[in-house]
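Before any comments, here is the structure.
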Amino acid sequence: MRLTTKGRYAVTAMLDLALHAQRSPVSLADISERQGISLSYLEQLFAKLRRGNLVSSVRGPGGGYQLAREMAAIQVAQVIDAVNESVDATRCQGQGDCHAGDTCLTHHLWCDLSQQIHQFLSGISLADLVSRHEVQEVASRQDQRRCSTGAARLDKIEASAID
């Protein structure tokens, strides 16, 4: 089964957005810093997520991105689909040409598995993930790390301003 980094990063970024956008719009730079995803890659993903009506952008100072609808109304499968990613257990990407141009013996088994995975991910919303205790713990750790790193940067800036 393949789920490329595009799908994984899209879900990760959307979950980060869901966790932090309740206060105000979230910048891609903040998501990039917390999740270790390049800013340029996030820009590409969020363009697709915006076209998929999963996020909206807010311009100006304090701008960024926010969810286009409630967390409970955004399913993980919708995020993966929005970035043109598929969860595919076949070797032929569902084309049926897996055995010398013809359908292999197990093609329909792997297609059924792919469909089951998609259905599973369709049953999980961002709100479901946000409410998970382990997700809250990881988010808290990331926020604490970011605050301590930010404080260290401010100390360096203040020290250089004094010098």
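The values are calculated or read from the model by the stated rules, or taken from the named source; none is laboratory data. Here the structure is a predicted model, which means the values were calculated and not measured. Backbone-built Cβ (ideal geometry, glycine too); neighbour counts: all protein chains shown.
Has the stretch 25-33 got at least one residue that is more than 19 Å from residue 138 (Cβ to Cβ) and touching a Gly at 6+ places or on another chain (Cβ under 6 Å)?
Yes.
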Which residue, of 32, 40, is surrounded by 16 or more Cβ atoms within 10 Å (Cβ to Cβ) and assigned to a helix (DSSP H, G or I)?
32
Restricting the stretch 78-111 to residues that are under 14 Å from residue 11 (Cα atoms) and touching a Leu at 6+ places or on another chain (Cβ under 8 Å), the residue that is modelled with the lowest pLDDT:
87
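Would you be able to tell me the number of residues in the stretch 53-92 that are basic (Lys, Arg) and within 24 Å of residue 114 (Cα to Cα)? Outline the logic, then answer.
Filtering the stretch 53-92 down to residues basic (Lys, Arg) leaves 59, 69, 91.
Filter once more, keeping what is within 24 Å of residue 114 (Cα to Cα): 91.
Summing the residues that are basic (Lys, Arg) and within 24 Å of residue 114 (Cα to Cα) in the stretch 53-92 gives 1.
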May I ask you to say which residue of 125, 114, 140 is crowded, with 16+ Cβ neighbours inside 10 Å, modelled with pLDDT of 80 or more and more than 16 Å from the chain's Cα centre (by Cα)?
114
Of everything in the stretch 3-15, what is in contact (Cβ under 8 Å) with a residue 60 or more places away in the chain and closer than 15 Å to residue 74 by Cβ? Give them in sequence order.
7, 10, 11, 14, 15
Selection from the stretch 1-24 of residues that are of a type in the set (D, E, K, R), within 16 Å of residue 143 (Cβ to Cβ) and surrounded by fewer than 16 Cβ atoms within 10 Å (Cβ to Cβ)
23
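Residues are listed down the side, and each one gets a yes or a no for (1) part of a loop (DSSP other than H, G, I, E, B); (2) farther than 30 Å from residue 27 by Cβ:
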position	(1), (2)
94	yes, yes
97	yes, yes
115	no, yes
137	no, no
140	no, no
147	no, no
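Could you grab me the full set of residues in the stretch 51-65 that are assigned to a helix (DSSP H, G or I) and under 13 Å from the mean Cα position of the chain (by Cα)? Reasoning before the result, please.
Initial filter on the stretch 51-65 (assigned to a helix (DSSP H, G or I)): 51.
Within the stretch 51-65, none qualify.
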